[in-house]
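Notes follow the structure.
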Amino acid sequence: MPNTQFQLLMNLVDKIKKIEPDKKESPFLHALYEGFFTFLYTPNETTSGTGVHIRDRMDLKRTMVIVVLAMQLCYLFGTYNIGHQHFAALGQYTGFLEGIHLKLAYGLIKILPIFIVSNVVGLAIEFYYAAKRGHGIEEGYLVTGALIPLIMPPDIPLWILTLAIVFAVVLGKEAFGGTGMNVVNVALLARAFIFFAYPTTISGDQCWIAGLEYQGANVAGEMYGWAEGFFDWIFGGLGWDTFGKGGMAVADAYTGATPLGLATQGWDKVTEVYSPMQMLWGAIPGSIGETSKPLIIAGGLVLLATGIASWRIMLSGILGAAAMALLLNVWDFDAYMDIPWFYHFYMGSFWFAIVFMATDPVTAAGTNMGKWIYGFFIGILGIMIRVMNPAYPEGWMLAIIFMNVFSPLIDYFVVQANINRRLKRVKAGKLGN
Amino acid sequence: MRTGSTRIFIITSFLLLSETIFAQAEKTADRGVFTIILMAIVVIIAFAVILQVANSLMAVEAKKSGIDPEMAGFSIFPSVNELVSPGKRGFSGGEKVTVLKKGFDIKLEGAAPGNIDGSASANTFAMQPPNFRGIAPIPKVVVEIGDNVKAGDHLFFNKKTPDVKYVAPVSGEVVAINRGDRRSITEIVILADKQQQYRQLPAFDLGKSSREELANYLFDTGGWTLLRSRPFDTVAGMHDVPRDIFISTFDTAPLAPNLDIVVEGQGEAFQKGLDVLAKLTPGQVHLGLNAGGKKAPSPVFAEAKNVQKHWFSGKHPAGNVGIQIHHIAPITPSCTVWTLGVQEVIVLGKIFTEGRWNTERVVALTGAELDEPKYVRTLAGANVGELLKGNLSGDNVRLISGDVLSGQKKSAANFLNFFDDQLTVIEEGNYYEMFGWLLPSKPVPTVSKSIPSAALFPNTLYKGDTNMHGEKRAFVMTGEYESVLPMDIYPQHLMKAVLTNDYEKMEGLGIHELVEEDIALCEFVCTSKQPLQKILRTGLDMMNEQG
């Protein structure tokens with residue numbers, strides 16, 4: 001680095017260092033300060049001199065940020081798809097690329113509050129505990145806070161979201177000791193909380209499309225607020241289409257059901273509403289970030305290329321799901337089981353779950369052998385719940401939480417096998433002497 | 001035949017599966033991208049299975065006609081060795097090579113070029129009791145400041161084992177006895193004479209004497225202090241009889257000296273040392289040789305007698321003796337093995353060939369912060385500052401006795417550790433880096449594929465510095481340590497066992513097989529910046545106290 005530039009940088013560091021709050025007097029402010037400072041600058045701490053003298057460039061911040069970056073395509077598509085589904089349900093701009101500005105604006109209005117609440121609430125808890133424990137802010141919540149919006153329905157009430165995040169972060173993570181100590185995936189725990197405490201907001205046919213008024217089971221109209229009005233003012237000024245231009249069109253026979261909701265009646269019923277390509281690319285109702293499979297897989301490839309997520313878990317999860325779906329095909333008991341096995345990969349949130357949720361290193365199995373077993377059983381259980389349990393249309397959340405709880409047990413057996421191998425050697429050695 | 005039946009099972013299950021797949025493919029008119037990909041995968045796997053079966057059949061045929069398929073390279077597939085390093089199998093003369101696939105070479109600037117330069121010389125030397133792990137912090141010192149000693153004269157002994165003498169590496173005047181925490185003795189400093197004088201050692205007939213006589217002779221001459229005992233990596237106990245003795249003849253650590261150069265012209269002493277060692281153990285003296293180098297190992301190693309040779313090939317830590325022991329005959333909690341470095345074997349041999357305590361050794365001065373990295377010939381325990389005089393290119397540097405992974409931080413006034421043959425100088429990384437976690441402002445060595453330059457240009461040499469590159473965190477990532485440790489051990493679980501004081505698990509998970517240098521690379525790659533070597537030492541000390 002050129003010297004002047006370096007000097008400039010150092011002066012800046014000195015200036016920032018001056019406002020550092022005292023750790024003892026105001027631990028919360030200090031934790032807050034440190035959290036932001038370490039984002040701006042990697043600290044000047046050096047190796048202690050007793051262990052290694054040189055450290056790898058990789059740290060937890062980079063690891064976590066790469067995971068968040070890998071999700072960005074899902075965010076982009078999810079935002080647009082919120083708008084697209086909304087207008088498609090109303091029978092306006094039914095083509096995917098029609099009314100782009102309206103769909104994007106509508107999606108942003110929906111997703112931004114969810115994202116902000118998710119991060120502000122979660123990080124506040126994180127900062128509080130960091131201050132209380134007197135250690136630095138750990139980066140784990142970066143990923144959790146980015147994952148939670150993607151697995152929520154677009155119309156989730158923010159107070160329910162807040163409750164769920166408080167529950168998941170406090171009881172699911174901080175109670176166990178913070179980042180790296182939790183047993184269950186925090187983002188999934190938040191979702192599971194809503195799923196069981198406020199089921200109508202996150203299951204059924206009516207929650208996956210944003211901003212619709214219902215009369216009975218039928219769509220009656222749209223709901224717009226001041227934010228749409230603000231965008232209307234801009235769009236109107238530009239001479240573009242505005243919200244509510246088409247009046248209160250009511251789509252006939254529009255159910256809002258997801259492919260999984262229809263699948264109980266067989267594959268033909270699903271394809272009546274959605275084509276396989278539509279399901280693959282994700283222009284369907286669903287949780288915000290989980291619909292577009294190719295974009296999720298692209299994110300997954302980023303994680304695999306950077307070596308951050310475990311390919312063993314992903315591969316064995318795919319194999320497990322395929323195996324279970326095939327088995328159900330062979331069994332062929334009802335219309336759902338009859339759905340060709342590979343179409344299970346088109347529907348639902350399998351890809352999002354296996355790429356971003358199952359591969360969380362803290363809650364997954366830690367041994368390589370354990371990862372194979374863990375992933376495989378997630379695949380099996382997820383399809384099993386999806387097809388065989390009429391109460392839960394989708395199985396990945398529960399399958400992953402279930403296997404999260406079991407992963408220490410899997411690791412225990414793998415590690416025990418290693419211990420036994422060693423014991424055997426000791427015995428053999430003793431006999432030999 | 002377990003493998004045979006598994007294979008038949010796999011093939012039949014694939015056939016059955018493919019039937020369902022094809023049946024469905026016909027049923028539905030539009031086959032998705034997935035179907036095609038999955039079918040392709042199935043076809044590839046089936047093809048691989050067929051190849052594997054054919055390969056096994058070939059091996060069976062070979063066996064029938066009396067050829068060992070492994071030795072003769074009877075296989076459809078090229079062996080890993082042939083793929084990774086074509087032609088290197090030749091070094092071992094057809095002997096079995098243990099190929100270690102896990103590991104990582106940290107490529108640093110400042111390797112010493114391949115000849116020994118005598119120009120750097122030190123005048124002060126020190127014997128440092130802390131170098132000998134296992135003796136009391138305050139040993140009995142038998143010399144006083146101002147005394148003149150010859151090389152080989154007794155300096156101190158551990159009060160529990162008064163017969164085992166620690167001797168002067170050099171002749172001269174004792175100028176200081178430095179103390180550290182709680183009055184522990186850290187350095188006994190000797191100002192060297194211009195002309196070295198040696199204590200004349202009594203002659204010893206190796207052929208006619210018993211092991212006990214030999215041990216007593218080594219207690220007195222200082223030879224016993226060259227032996228290091230595992231588990232725990234301590235000094236060899238007075239009454240210990242090791243199961244085996246292990247010597248690694250190559251060092252894969254970053255910038256480590258090339259031992260082929262070190263051993264040049266020392267063949268006689270080295271062989272003598274091996275003969276002495278063979279007498280000290282009822283088991284074998286095992287020699288680990290490098291099958292993966294650019295050149296064949298020195299004939300001193302390859303043609304050594306009275307030893308069992310084992311060939312290894314792989315990245316660091318393949319050259320660590322601990323890794324080699326794991327693959328030759330693992331350490332169990334109840335056994336003791338000894339290890340020595342090549343230069344210690346030479347010193348041991350010279351007691352017998354020259355009749356004097358000659359600690360002359362080759363030290364590699366390495367690292368990016370040196371003007372001129374080189375090999376120098378000096379004596380054990382040389383002063384760091386004197387060795388580096390006029391050779392440092394900066395002052396914000398860290399001086400390390402040993403390599404960057406498991407060496408010890410020193411100041412210019414300190415001395416090289418007794419067993420070290422390398423001095424590394426790298427930059428101190430006490431700088432702030434803006435958005436360092438996102439965009440490294442300068443090239444840094446890494447195993448992570450998330451930094452494209454490291455993945456794309458694997459042969460780049462890095463300067464390396466001592467910055468932590470992040471903050472300490474709880475264990476989060478998994479599988480990192482395993483990927484650089486070529487042993488059947490779960491380091492992360494072991495570390496957690498140490499942190500929770502779980503003795504049974506520590507023993508079960510193989511803490512006895514490890515010392516600090518073996519898991520140093522795991523500590524380097526650790527995303528959470530955990531001090532693994534420190535944790536391991538805590539665990540080893542706990543186990544050692546338990547007995």
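The values are calculated or read from the model by the stated rules, or taken from the named source; none is laboratory data. These numbers come from a predicted model, not from an experiment. So basically every Cβ, Gly included, is an ideal-geometry build from the backbone, and we count neighbours across all protein chains shown.
Of everything in the stretch A:167-197 that is more than 14 Å from chain B (Cβ to nearest Cβ) and surrounded by fewer than 16 Cβ atoms within 10 Å (Cβ to Cβ), the residue that is nearest to A:PRO390 (Cα to Cα) is A:PHE196. The condition of being surrounded by fewer than 23 Cβ atoms within 10 Å (Cβ to Cβ) and touching a Phe, Trp or Tyr at 6+ places or on another chain (Cβ under 8 Å) holds for only one of B:LYS496, B:LYS505, B:LYS472, B:LYS463, that being B:LYS496.
The set of residues from the stretch B:513-534 being facing chain A (nearest Cβ under 9 Å) and within 20 Å of the chain's Cα centre (by Cα) comprises B:GLU513, B:GLU516, B:ALA520, B:LEU521, B:GLU523, B:PHE524, B:VAL525, B:CYS526, B:PRO531, B:LEU532, B:GLN533, B:LYS534.
Yes/no per residue for (1) out of contact with any helix residue (DSSP H, G or I) (no Cβ under 7 Å at 6 or more places or on another chain); (2) over 26 Å from A:LYS269 (Cβ atoms):
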| site | (1), (2) |
| --- | --- |
| A:ILE288 | no, no |
| A:ILE297 | no, yes |
| A:LEU304 | no, yes |
| A:TRP311 | no, yes |
| A:ILE318 | no, no |
| A:MET324 | no, no |
| A:TRP331 | yes, no |
| A:MET337 | no, no |
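If the condition is being in a helix (DSSP H, G or I), farther than 14 Å from A:PHE377 by Cβ and either free of Cβ contacts under 8 Å to residues at least 60 places away in the same chain or touching a Pro at 6+ places or on another chain (Cβ under 6 Å) (or both), then the stretch A:390-413 contributes only A:TYR412.
In the set A:ILE165, A:ILE160, only one residue is within 15 Å of the chain's Cα centre (by Cα), not in a loop (DSSP other than H, G, I, E, B) and not assigned by TED's automatic domain parsing to the domain that holds A:ALA283; that residue is A:ILE165. Comparison of B:GLU507, B:GLU471 shows that the only residue that is farther than 20 Å from B:GLN530 by Cα and facing another protein chain (nearest Cβ under 9 Å) is B:GLU507. Considering only residues that are more than 14 Å from every other protein chain (Cβ to nearest Cβ) and of a type in the set (D, E, K, R), look in the stretch B:374-419 and name the one that is nearest to B:THR252 (Cα to Cα). Among residues in the stretch B:374-419 that are more than 14 Å from every other protein chain (Cβ to nearest Cβ) and of a type in the set (D, E, K, R), the one nearest to B:THR252 (Cα to Cα) is B:LYS374. All told, A:VAL121 falls short of being over 15 Å from the mean Cα position of the chain (by Cα), modelled with pLDDT of 90 or more and part of a loop (DSSP other than H, G, I, E, B).
Sort through B:LEU379, B:LEU370 and tell me the only one that's of a type outside the set (Gly, Ala, Ser) and closer than 21 Å to B:GLU187 by Cβ. Just a single option satisfies the conditions, and that option is B:LEU379. Within the stretch A:350-362, restricting attention to residues that are in a loop (DSSP other than H, G, I, E, B) and of a type in the set (Val, Ile, Thr), the residue that is nearest to the other protein chains (Cβ to nearest Cβ) is A:VAL362. The set of residues from the stretch A:325-334 being more than 29 Å from A:LEU295 (Cβ to Cβ) and within 14 Å of chain B (Cβ to nearest Cβ) comprises A:LEU327, A:VAL330, A:TRP331, A:ASP332.
B:GLN408 meets each of the listed conditions (1) buried (at least 21 other Cβ atoms within 10 Å of the Cβ); (2) on the phi < 0 side of the Ramachandran plot; (3) not aromatic (Phe, Trp, Tyr) apart from (1).
Based on this model, can you work out whether B:GLU264 counts as farther than 22 Å from B:PHE91 by Cα and more than 18 Å from the chain's Cα centre (by Cα)? Against the criterion (farther than 22 Å from B:PHE91 by Cα and more than 18 Å from the chain's Cα centre (by Cα)), B:GLU264 does not qualify. Consider the stretch B:522-534 and keep the residues that are within 19 Å of A:THR367 (Cβ to Cβ) and not polar (S, T, N, Q). The one that is surrounded by the fewest Cβ atoms within 10 Å (Cβ to Cβ) is B:VAL525. Restricting attention to the stretch B:142-176, which residues are touching a strand residue (DSSP E or B) at 6+ places or on another chain (Cβ under 6 Å), among the small types (Gly, Ala, Ser) and surrounded by fewer than 20 Cβ atoms within 10 Å (Cβ to Cβ)? Result: B:ALA176, single match. Just one of (1) among the small types (Gly, Ala, Ser); (2) within 7 Å of another protein chain (Cβ to nearest Cβ); (3) in contact (Cβ under 8 Å) with a residue 24 or more places away in the chain fails for B:SER483. It is (2). Here A:TYR412 clears all of (1) more than 30 Å from A:THR291 (Cβ to Cβ); (2) in contact with a Leu (Cβ under 9 Å, 6 or more places away or on another chain); (3) of a type outside the set (S, T, N, Q); (4) modelled with pLDDT of 90 or more except the condition numbered (2). Selection of the stretch A:24-60 for residues being closer than 17 Å to A:GLY140 by Cα, of a type outside the set (A, V, I, L, M, F, W, C) and more than 7 Å from chain B (Cβ to nearest Cβ) yields A:GLU34, A:GLY35.
If you go through the stretch B:491-503 and pick out every residue that is without any contact (Cβ under 8 Å) to a residue 24 or more places away in the chain and either facing chain A (nearest Cβ under 9 Å) or under 17 Å from B:PHE104 (Cα atoms) (or both), you end up with 2. When the residues of the stretch A:385-397 are filtered to those that are buried (at least 19 other Cβ atoms within 10 Å of the Cβ) and over 14 Å from A:ILE313 (Cβ atoms), which remaining residue is farthest from the chain's Cα centre (by Cα)? Residue satisfying both the conditions and the ranking: A:VAL387. Of the residues making up the stretch B:286-330, those that are touching a residue at least 12 places away in the same chain (Cβ under 8 Å) and outside any helix (DSSP H, G or I) number 31.
One line per residue, one yes/no per condition, for (1) out of contact with any strand residue (DSSP E or B) (no Cβ under 6 Å at 6 or more places or on another chain); (2) surrounded by 24 or more Cβ atoms within 10 Å (Cβ to Cβ); (3) part of a loop (DSSP other than H, G, I, E, B); (4) hydrophobic (A, V, I, L, M, F, W, C):
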| site | (1), (2), (3), (4) |
| --- | --- |
| A:LEU295 | yes, no, no, yes |
| A:GLY300 | yes, no, no, no |
| A:ILE308 | yes, no, yes, yes |
| A:ALA323 | yes, no, no, yes |
| A:LEU328 | yes, no, no, yes |
| A:ALA335 | yes, no, yes, yes |
| A:GLY348 | yes, yes, yes, no |
| A:ALA364 | yes, yes, yes, yes |
| A:TYR374 | yes, yes, no, no |
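For the stretch A:271-293, a residue qualifies if it is assigned to a helix (DSSP H, G or I) and within 14 Å of chain B (Cβ to nearest Cβ), and the qualifying residues are A:THR271, A:PRO276, A:MET277, A:GLN278, A:MET279, A:LEU280, A:TRP281, A:LYS293.
Per-residue answers, yes or no, for (1) surrounded by fewer than 18 Cβ atoms within 10 Å (Cβ to Cβ); (2) modelled with pLDDT of 90 or more; (3) not basic (Lys, Arg):
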position: B:ASP181; (1), (2), (3): yes, no, yes
position: B:GLN195; (1), (2), (3): yes, no, yes
position: B:SER209; (1), (2), (3): yes, no, yes
position: B:ARG228; (1), (2), (3): no, yes, no
position: B:PRO257; (1), (2), (3): no, yes, yes
position: B:LYS272; (1), (2), (3): no, yes, no
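A:PHE345 meets all of the listed conditions (1) without any contact (Cβ under 8 Å) to a residue 60 or more places away in the chain; (2) under 27 Å from A:LYS173 (Cβ atoms); (3) within 11 Å of chain B (Cβ to nearest Cβ) but one, namely (2).
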